[in-house]
Amino acid sequence: MATPPAQPGSSEGDEPDPRWSLANERTMLAYERTALGLLVAGFALAGSHTFTDTPAWVAAIGLPLIAMGALVGLEGRSRYLSADRAMRNGDPLHPPRAAGYIPWGIAAVGLVGLVLAALQLFLAD
């Protein structure tokens with residue numbers, strides 16, 4: 001009798017408590033929601049220049065948001081598989097890499113936007 005194909009991360013170690021597996025899945029879905037939010041915001045900003053009279057720098061701020069959204073989406077899957085493997089093998093969970101770059105990335109985009117908006121405000125007079 002053939003064995004069913006293994007799901008990602010399920011081929012090793014002991015089956016974890018379903019509550020922890022479901023919590024891990026919810027965490028991955030939260031990563032994906034965050035990624036989707038960043039992507040939508042980035043696409044909205046990047047496309048705003050062609051539909052409104054916003055300056056090009058507003059549209060340019062959308063580009064790093066799109067990149068961060070893509071990274072967060074990939075990180076969510078990586079984090080899910082890493083946590084699943086750690087739970088099955090009884091290993092400690094490693095801190096998420098996204099916790100290091102998401103806050104700094106958003107702060108950088110916000111700071112650049114603030115500086116550019118202030119420059120436009122003061123130079124427009």
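The numbers here are math on the coordinates, done by the rules we state, and not lab data. All of these numbers come straight from a predicted model, not from anything done at the bench. Please note: Cβ atoms are built from the backbone with ideal geometry, for glycine as well, and neighbour counts cover all protein chains shown.
Quick notes
- Computed over neighbours whose Cβ is under 13 Å from that of Asp14, the net charge equals -3, Lys and Arg +1, Asp and Glu -1.
- As a length-normalised measure over Cα pairs under 8 Å and 6 or more apart, the relative contact order of the chain settles at 30 percent.
- Count Lys and Arg as plus one, Asp and Glu as minus one, and take only other residues whose Cβ is under 12 Å from that of Glu75; the net charge is then +2.
- Each other residue within a Cβ distance under 9 Å of Arg97 adds +1 if Lys or Arg and -1 if Asp or Glu, for a net charge of 0.
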